[in-house]
Amino acid sequence: MRTFSLFGRLIAAIVLTGLLSACQTLGQAGLIQSTVTAELSPEAANAIASDMVGRLAEQAGPSSTTIRFTPDASVFGQALEASLKSWGYAVITDQKTDEASILALAYTVDEFEGAVLVRLSTLRFDLTRMYKPGTGGAAPVSPLSILQHGSAGMT
């Protein structure tokens, strides 16, 4: 049996994510429902959330943006909310609003071949990256994938 290289696994993970996202129900504001199927330690969840929020900040703009999402009871949902706040974002978790200045956010965290595939989704873009959890946290094992929605295309 032939083994896949890291690049091959990354491509397979991205394709798998696309297929899985087509099956997920839409949450508020047309986004996927936030789900976490991977079990993460608090250290791994914090490391992943911190890295992904840093990448989110590069796309979403300054921390004056208000972010709305519905966290689940998972360790990752709690770590993501804490990381957003530590980056200076105002976070709304219990209100429904359609104001244009509010960025709706959803996330998925799934296991894939011994790694964790994480996606942050907004109506404007999706950010996807794979991480390898370890004893002291988690380290990225793939480049960041950025999918722009609408007329901007894909980068």
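The values are calculated or read from the model by the stated rules, or taken from the named source; none is laboratory data. Note that the structure is predicted; figures quoted are calculated from it, not measured. Cβ: placed from backbone, ideal geometry, glycine included. Neighbour counts: every protein chain shown.
Quick look at the numbers
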{"read-out": "Boolean, LEU127 is of a type outside the set (Asp, Glu), more than 23 Å from GLU39 (Cβ to Cβ) and crowded, with 16+ Cβ neighbours inside 10 Å", "value": "no"}
{"read-out": "Segment 102-124, residues that are among the charged types (D, E, K, R) and in a strand (DSSP E or B)", "value": "ASP110, GLU111, ARG119"}
{"read-out": "Filter result for LEU127 (in contact (Cβ under 8 Å) with a residue 60 or more places away in the chain and in a loop (DSSP other than H, G, I, E, B))", "value": "no"}
{"read-out": "Residue in segment 94-103 that is under 12 Å from the mean Cα position of the chain (by Cα) and without any contact (Cβ under 8 Å) to a residue 60 or more places away in the chain present", "value": "no"}
{"read-out": "Within segment 92-124, considering residues that are out of contact with any Ser or Thr (no Cβ under 9 Å at 6 or more places or on another chain) and either buried (at least 17 other Cβ atoms within 10 Å of the Cβ) or at pLDDT 95 or above (or both), the one farthest from ALA73 (Cα to Cα)", "value": "THR122"}
